[in-house]
Amino acid sequence: MFKLTWLMGYCLIGLLSASNEGEPSLDSDILPWMTKLGCNAGNCHGSAAGRGGFHLSLFASDPAADYEAIVHELEGRRIDRIFPERSLVLAKPTGYLDHGGGIIAEDDSPFSELLAAWIGKGAKRTSPRATLHLDVQPIDVLVSSSEELVELQIRAQYSDGHEETVMSKSSIVLPDDGSVSLVDENKLRVLRPGQHTVLVRFMDKVVAVTLSHKFADAAIPDDPRAVENTIDKHIVSRLRDLGLTFSPAASDSRWLRRVTLDLTGRLPTLDELNQFQSESSSNRYESVVDRLLSSEAFVDFWTFRLGRWLKIHEQPKGRAAFEAYRNWLRQCVALDVGFDRMVRELLLAEGDSHENGAANFHRLCEDARKEAEVVARLFMGTRMECANCHDHPLDRWKQDDYHGFAALFAGVQRERVVKLQGRGVVHHPKTGESATPRIPGIAALAQTSPTIQHFADWLTASDNAFFAPAIVNMLWKQFFGRGLVDPYNDFRETNPASHPPLLQELAKEMGRDGYRLRPWIKRVVLSNTYRTDSEDGDGESIDPRFYAKTIYRPLEAEVYVDAIRDVLMPSTRDDNGPHGVRAIHPIDRANASSSLQVMNGCMRQDDCSADEVANLGLAAQLHLMNSDLINALLTDPNGQLQIWERDQVPIHERLENIFLRALTRNPTTHEWNAWNDESKSRNPDEQTKLLEDLVWSLLVSKEFRCNH
Amino acid sequence: MFDVYLNRRHWVRIGTLSVFGAITADLRRSTFAGTGGSDEKRDVLAKADSCILIWLDGGPSHLDTFDLKPAAPQELRGPFRPIKTNVPGIEISELMPNLANQANHFAIVRSVTSPLGEHGLANHYLLTGHPPSPTLRYPSIGSVVSFLRDTSSVLPKYLSLPESVSAGAGFLPSEHDPFVVAGDLTKPDFRIQDATFYPGIDAERLRNRRTFLEALNRRANSMYREEPSSVEVHGLSNDHFDRAFEMMFNAGAREAFQLGSEPESKRARYGSRKFGQSCLLAKRLIERGVPFVTVVYSGWDTHDNLVFNLRDGFTGAMPGVGLIPTLDQGLSALIDDLSSSGRLETTLIVVMGEFGRTPKINNGGGRDHWPRVFSVAMAGGGIVGGQVVGASDRNGESPLELPVTPADLACTVFRLLGIDPVQELRTRDGRPVAINQHGKLIKPLVGA
């Protein structure tokens, strides 16, 4: 019996040797298969600690280490050159030995056969091989129906000059939601309308393939609104590709509320509303935008927004530093200093952080690695953290990039007096030696040892591929609720933008405008895309990535709290003491009032997603219901409701007025009916209270809590 | 060993050549199914109506609580001795005399193992049953229960006391974040924040407010449709403030939080500290139909001075009021109360933290992070008490028998609560994610 088995083993090897001319390569045959089968994934042997005592590099990013692990570790017991099928690395995945991961390959699978053949030939790694370029075709394709199959061609160019089709041994990663399926090994079927991303991985290269599927085949007529603006051109053409209709424009009053909130964090006043509605000139939109852009409120609000972006917050006993930092930022916003200059100042500032506000940037993080991560996220829109422990599995970043980048910041002295020249090293965890400073992704530099200065020069150079798109995308999210690349600080080769050419053009335009905020904002808010209505008449729901209409964006908690106050206490609207009565003024979220803490349910997170705020938790609901936040202002003697009461203003006037203040619209018939039903049988005193109740409801309604 | 697997290989080879090929292949699969879990039929057990998770934040030392190693070398065994419990053969720390009298009620799993030794990552793994992923925040077990369980109670379905816990709703709607009961529970007149009527507002006026809000949201909801595939999961019902209104309208619900209505002797029995009072509040909540409560007890990250932190609490305390005696007092009171009222049978209690501590005591007299093996205690709700499940090795370094992963723990909790672990949830972008992946039922725990 035993003999029979062994004999069959020989036959198998014999067969393979005959059928396989060249020797299988560990790097470009065996390891890609292991990736494809999931052996070296993060939840298996690719995890930092390995699995079952066997560690492989994540997605085969380190073939030399994998060779060691397979061939030499465990006294070489993982392979058996005489009887390859008795090798642990083969007997386990094929199920002949207990394997935590179960059976993942059949005996006659290409993987089993290649592995057996490779081991039989001595399990050698004679010529290490790297993939120089992975060519995937097509990478962006539009289909009209799921009948249309997309055939992929995948070719690898190796460092040793060879080139081959690697379709069968590449890993095709489909989106998890079942929107794309694989047919016959190399054809993709798009099952659902929309835009989907499929990743192709081979060796250490990953390429994203974007597949779009039309929503409807009907021809969309030309939209004259497509031509006025870079944004509209791209948005409308993408909608047309997908068979989607661009929503009509929002009403003037809705647009005014939207733009006033976005530019100043405030609701439009009744005067502003009346004035805008009384104008009929075609440049009335532009004049509103110009007025808002030149207001103090704009400076305040964008200091708040950019302060959040930069994570400016007050440290214990750090009031002076906090003030200096905030003042620096406010000055930048007031003077419309370009982002390139601002970021250079932040990166290069030194000295007393109580005087030189920008120097506080270096005090945000406790060490060089954290600072490198934050700089990459903020100014390059990219997340390098993964590359701390291993080469980034979904991006270009290598461990050398991460630690070399961190090494740039190793000399920063993060005390009250910030210095960039101090000593300090970052140890590369693999070599144990101090990492050579480097600018991420740039292998060799003219300078042997780059400094933060070199990095700042590189980052803000007009041809830098990261900086302008990252800034544009961060700003885009402020106006549209999501990034063109989303999440907005996760630029990756494998996370393509929804509208890549638009992002590139906007980045270029930003460069031409000297990276200044105001021209950029003006262009955005005057676009037709920004002006689309948010109301969806036919109830049709569409992926928000295509900007067919405006989505509901929850107000920041601070803006919401200020808006409540502005509606109920208009007389205190511009009452700005040194620390301000407005919640947006102290941009320090950690020390915010208790109301803000409750409303900012997601404070603990680094990046709050919009819908975290939109869907209020029970604690926030109870707070709005039972705390002072709204209740005290409803009955405040100086509040609008009590003033009207004293002046005996007719109830229906009060009601209309409050709707206009809060929502820039009149009550609907339905809303009038609700009011009349409840109020008709009540005496005047009860009606006053009932109005308070209605106003409370108005201020907690979704329509009020969102910008739309 | 070699022979065994050659035999198996041989069998399969023969099998593929014979008419029994299909059958042998199946046999082979089923041999491995236990680990892969794919073939195991995973129905629900539904023994428990509710769950109280005692979360020992920071990572409690298994070697000083439930898995002492008196025979280990001096530098490993630690300052505390084991004592006998009321179950022959089971010993626990001398700092837990009350729990020692209740060992018949709980089971100790001594072979929990995880690869994650950093607080944030390990928290996520233990609290959700999923290893952390950079792309997806998984919901905690309590949030999943909150999401799936319909209760008749108007109380929140998932609460955390007396502070928040690090894992929340994850990709589920944030309304399934735990409702955090903050405030000083040790005060005689403790009341939860914002849960009493504002002066001048009564139920009648709240009802008016609700009517108006519904009228207003009718309009907004017809507009708010930008998230296509997520209507079910991310419906906007919570925007109607329904639960908040119901809570305010229901005197019984508000009364649940009034610890002051408990007799002084009972409050004392649980211990005067926050932990004990939180256990008492947790008991009141589950008695009123809340399906999941996490009691957060922090401070277990004992990198130094075990004697001080775990036993004494403050210098010269006699007896000690450190972490373990406080745990012993509050938890034993909870088990007592629940078992005498008969509620323990339907209430699952899970006592765990994110990892264990290093067997070797460090220079500061403490122990550092150690996820490779640690202990979890469970009681009630379908757990067969009076047993030890699994074992660690001689020095408490690695699992010796029956390694149990955090995913297995979560799977077991879900099944006891009547939730099918293979059921799928949907993320915001419509991606289906199984409630529990790679976990399997810890059979001895439930007597299976």
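Considering the stretch A:666-681 alone, what residues qualify as being among the charged types (D, E, K, R) and either within 10 Å of another protein chain (Cβ to nearest Cβ) or touching a Pro at 6+ places or on another chain (Cβ under 8 Å) (or both)?
Of everything in the stretch A:666-681, those that are among the charged types (D, E, K, R) and either within 10 Å of another protein chain (Cβ to nearest Cβ) or touching a Pro at 6+ places or on another chain (Cβ under 8 Å) (or both) turn out to be A:671, A:677, A:678.
Could you run through the stretch A:693-708 and say how many residues are farther than 18 Å from residue A:558 by Cβ and at the interface with chain B (Cβ under 8 Å from one of its Cβ atoms)?
9
If residue A:275 satisfies all but one of (1) under 30 Å from the mean Cα position of the chain (by Cα); (2) not in a loop (DSSP other than H, G, I, E, B), what's the number of the condition it fails?
With respect to (1) under 30 Å from the mean Cα position of the chain (by Cα); (2) not in a loop (DSSP other than H, G, I, E, B), residue A:275 is out only on (1).
Name the single residue, out of those in the stretch A:400-432 being under 17 Å from residue A:48 (Cβ atoms) and buried (at least 22 other Cβ atoms within 10 Å of the Cβ), that is nearest to the other protein chains (Cβ to nearest Cβ).
So the residue we want is A:402.
Being closer than 27 Å to residue B:182 by Cβ and modelled with pLDDT of 90 or more is true for just one of A:699, A:691, A:596, A:641. Which residue is that?
Every option except A:699 fails the conditions.
Taking the criterion of being closer than 30 Å to residue A:65 by Cβ, touching a residue at least 12 places away in the same chain (Cβ under 8 Å) and in contact with a Cys (Cβ under 6 Å, 6 or more places away or on another chain), would at least one residue in the stretch A:356-371 satisfy it?
Scanning the stretch A:356-371 turns up at least one residue that is closer than 30 Å to residue A:65 by Cβ, touching a residue at least 12 places away in the same chain (Cβ under 8 Å) and in contact with a Cys (Cβ under 6 Å, 6 or more places away or on another chain).
Looking at B:190, B:212, can you tell me which residue is over 19 Å from the mean Cα position of the chain (by Cα), away from chain A (no Cβ under 12 Å) and of a type in the set (Phe, Trp, Tyr)?
B:190
Mind listing whichever residues of the stretch B:141-164 are over 19 Å from residue B:284 (Cβ atoms) and either within 11 Å of chain A (Cβ to nearest Cβ) or in contact (Cβ under 8 Å) with a residue 60 or more places away in the chain (or both)?
Listed by number, the residues that qualify are B:141, B:144, B:147, B:148, B:164.
Can you confirm whether residue A:87 is within 13 Å of chain B (Cβ to nearest Cβ) and touching an Asp or Glu at 6+ places or on another chain (Cβ under 8 Å)?
For residue A:87, the condition - within 13 Å of chain B (Cβ to nearest Cβ) and touching an Asp or Glu at 6+ places or on another chain (Cβ under 8 Å) - is met.
Can you name the condition, by its number, that residue A:170 falls short on among (1) crowded, with 18+ Cβ neighbours inside 10 Å; (2) in contact with a Lys or Arg (Cβ under 7 Å, 6 or more places away or on another chain); (3) under 28 Å from residue A:529 (Cα atoms); (4) not hydrophobic (A, V, I, L, M, F, W, C)?
Only one criterion in (1) crowded, with 18+ Cβ neighbours inside 10 Å; (2) in contact with a Lys or Arg (Cβ under 7 Å, 6 or more places away or on another chain); (3) under 28 Å from residue A:529 (Cα atoms); (4) not hydrophobic (A, V, I, L, M, F, W, C) is unmet by residue A:170, namely (3).
Okay, residues lined up against (1) at pLDDT 95 or above; (2) touching a helix residue (DSSP H, G or I) at 6+ places or on another chain (Cβ under 7 Å):
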{"position": "B:96", "(1), (2)": "yes, yes"}
{"position": "B:117", "(1), (2)": "no, no"}
{"position": "B:133", "(1), (2)": "no, no"}
{"position": "B:146", "(1), (2)": "no, yes"}
{"position": "B:170", "(1), (2)": "no, yes"}
{"position": "B:185", "(1), (2)": "no, yes"}
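Given the conditions (1) within 14 Å of chain B (Cβ to nearest Cβ); (2) over 24 Å from residue A:42 (Cα atoms), report the number of the one that residue A:117 does not fulfil.
Among (1) within 14 Å of chain B (Cβ to nearest Cβ); (2) over 24 Å from residue A:42 (Cα atoms), residue A:117 violates only (1).
Quick one: how many residues across the stretch B:172-187 are among the hydroxyl-bearing types (Ser, Thr, Tyr) and assigned to a loop (DSSP other than H, G, I, E, B)?
1
Would you call residue A:415 of a type in the set (Asp, Glu), within 23 Å of residue A:310 (Cα to Cα), part of a helix (DSSP H, G or I) and modelled with pLDDT of 85 or more?
no
Answer with yes or no whether residue A:686 is of a type in the set (D, E, K, R) and touching a residue at least 12 places away in the same chain (Cβ under 8 Å).
No.
Suppose the filter is closer than 28 Å to residue A:262 by Cα, part of a helix (DSSP H, G or I), aromatic (Phe, Trp, Tyr) and out of contact with any Lys or Arg (no Cβ under 7 Å at 6 or more places or on another chain); does residue A:659 pass it?
Considered against the rule, which asks whether it is closer than 28 Å to residue A:262 by Cα, part of a helix (DSSP H, G or I), aromatic (Phe, Trp, Tyr) and out of contact with any Lys or Arg (no Cβ under 7 Å at 6 or more places or on another chain), residue A:659 comes out as no.
Output yes when any residue across the stretch B:340-348 is closer than 30 Å to residue B:137 by Cβ and in contact with a helix residue (DSSP H, G or I) (Cβ under 6 Å, 6 or more places away or on another chain), and no when none is.
Checking the stretch B:340-348: at least one residue is closer than 30 Å to residue B:137 by Cβ and in contact with a helix residue (DSSP H, G or I) (Cβ under 6 Å, 6 or more places away or on another chain).
So which strands (runs of 3 or more DSSP E) are wholly in the stretch B:332-427 and hold at least 3 residues that are modelled with pLDDT of 95 or more and aliphatic (A, V, I, L, M)?
B:347-352, B:374-379
Among the residues of the stretch A:370-390, what is the count of those that are surrounded by 21 or more Cβ atoms within 10 Å (Cβ to Cβ) and more than 14 Å from chain B (Cβ to nearest Cβ)?
Summing the residues that are surrounded by 21 or more Cβ atoms within 10 Å (Cβ to Cβ) and more than 14 Å from chain B (Cβ to nearest Cβ) in the stretch A:370-390 gives 7.
Kindly provide the set of residues from the stretch A:511-535 that are basic (Lys, Arg) and within 19 Å of residue A:706 (Cβ to Cβ), ordered by number.
Of everything in the stretch A:511-535, just one residue is basic (Lys, Arg) and within 19 Å of residue A:706 (Cβ to Cβ), namely A:531.
What are the residues in the stretch A:314-354 that are of a type in the set (A, V, I, L, M), in a helix (DSSP H, G or I) and surrounded by fewer than 19 Cβ atoms within 10 Å (Cβ to Cβ), if any?
Of everything in the stretch A:314-354, those that are of a type in the set (A, V, I, L, M), in a helix (DSSP H, G or I) and surrounded by fewer than 19 Cβ atoms within 10 Å (Cβ to Cβ) turn out to be A:320, A:334, A:348.
Right, residue B:391: among the aliphatic types (A, V, I, L, M) and without any contact (Cβ under 8 Å) to a residue 40 or more places away in the chain or not?
So residue B:391 does not fit the description; no.
Report yes if residue A:262 is modelled with pLDDT of 95 or more, part of a helix (DSSP H, G or I) and acidic (Asp, Glu), otherwise no.
Here the answer is yes, as residue A:262 does meet what is asked.
Here is a list of conditions, (1) exposed (fewer than 15 other Cβ atoms within 10 Å of the Cβ); (2) more than 24 Å from residue A:379 (Cβ to Cβ); (3) at pLDDT 95 or above, and residue A:268 meets all of them except one; can you say which number that is?
Unmet condition: (1).
The values are calculated or read from the model by the stated rules, or taken from the named source; none is laboratory data. In this text the structure is predicted, and so the values were computed from the model without any measurement. We place every Cβ from the backbone using ideal geometry, glycine too, and count neighbours over all the protein chains shown.
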